[in-house]
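Q: The structure under discussion is supplied below as structure tokens; questions concerning it will follow.
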Amino acid sequence: MRRKDREITDFNEIIDILHRTDTVRLGIHDDEFPYVVPLSFGFETHDNKIEIYIHGAKDGLKHTLLDRNSSVCVEASIFHRYVDLGTDLTTEYESVIGFGTAQVIHGDEAKKGLDLICTHCGFDGYSYDLRALDHMRIYKITLASITGKRRSI
């Protein structure tokens, strides 16, 4: 990272940013250009590793690309405000970027993933028809690395 003074290395601060972020952007490999899609998500941690859960309908470009290459980039950011410094304009923000592998999950693990998504979206304990899982794919993204960055005035 070029600006080490803005780097966030504390794991708990990175987790705090994820808790306060409502959307992640998923970067996926495509033939000519990267494909980036915004998604609602849920997550949990195990042994200082982050597992992010996402979902979608059974078909679509996201799934086609993930079937070909499961290596992904996940980005989450919080915009706070634009700032006029008098001689320059800047932005106050917090962000995290992680790299990992996405895998389709099934059964109890998929239900857990959907429950975590619901919780993160503000619907903890939401009661849904379990047959809904038959109409979607749930992915667990295990992040191999993650970095954070913050600019505050």
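The values are calculated or read from the model by the stated rules, or taken from the named source; none is laboratory data. For clarity, every value in this text was computed on a predicted model and none was experimentally measured. Ideal geometry is used to build each Cβ from the backbone, glycine not excepted, and the neighbour counts take in all protein chains shown.
Q: Looking at region 62-86, which of the residues that are surrounded by fewer than 12 Cβ atoms within 10 Å (Cβ to Cβ) and without any contact (Cβ under 8 Å) to a residue 40 or more places away in the chain is farthest from S40 (Cα to Cα)?
A: G86
Q: Could you list, in sequence order, the residues of region 95-145 that are touching a strand residue (DSSP E or B) at 6+ places or on another chain (Cβ under 8 Å) and of a type in the set (S, T, Y)?
A: Result: S95, T101, T119, Y139, T142, S145.
Q: Which members of region 57-87 meet the condition of being in a helix (DSSP H, G or I) and not charged (D, E, K, R)?
A: L61, H63, T64, L65, L66
Q: Only one residue in T45, T90 is farther than 25 Å from C118 by Cα, assigned to a strand (DSSP E or B) and out of contact with any Pro (no Cβ under 8 Å at 6 or more places or on another chain), so which one is that?
A: Among T45, T90, only T90 is farther than 25 Å from C118 by Cα, assigned to a strand (DSSP E or B) and out of contact with any Pro (no Cβ under 8 Å at 6 or more places or on another chain).
Q: Okay, next question. What about Y53, is it within 19 Å of H19 (Cα to Cα), touching a helix residue (DSSP H, G or I) at 6+ places or on another chain (Cβ under 7 Å) and surrounded by fewer than 14 Cβ atoms within 10 Å (Cβ to Cβ)?
A: In short, no.
Q: Oh, and also: If a residue has to be in a loop (DSSP other than H, G, I, E, B) and either over 15 Å from the mean Cα position of the chain (by Cα) or surrounded by fewer than 11 Cβ atoms within 10 Å (Cβ to Cβ) (or both) to count, how many in region 20-42 make the cut?
A: So the answer is 6.
Q: Determine, yes or no, whether V74 is farther than 16 Å from R137 by Cα and either modelled with pLDDT of 95 or more or touching a helix residue (DSSP H, G or I) at 6+ places or on another chain (Cβ under 9 Å) (or both).
A: In short, yes.
Q: Further question on the same structure: State whether one or more residues within region 87-94 are surrounded by fewer than 16 Cβ atoms within 10 Å (Cβ to Cβ), free of Cβ contacts under 8 Å to residues at least 40 places away in the same chain and aliphatic (A, V, I, L, M).
A: Among the residues of region 87-94, at least one is surrounded by fewer than 16 Cβ atoms within 10 Å (Cβ to Cβ), free of Cβ contacts under 8 Å to residues at least 40 places away in the same chain and aliphatic (A, V, I, L, M), which makes the answer yes.
For every residue, the table says whether it meets (1) surrounded by 16 or more Cβ atoms within 10 Å (Cβ to Cβ); (2) within 14 Å of the chain's Cα centre (by Cα); (3) assigned to a strand (DSSP E or B).
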| position | (1), (2), (3) |
| --- | --- |
| T101 | no, yes, yes |
| D115 | yes, no, no |
| F123 | no, no, no |
| I141 | yes, yes, yes |
| T147 | no, yes, yes |
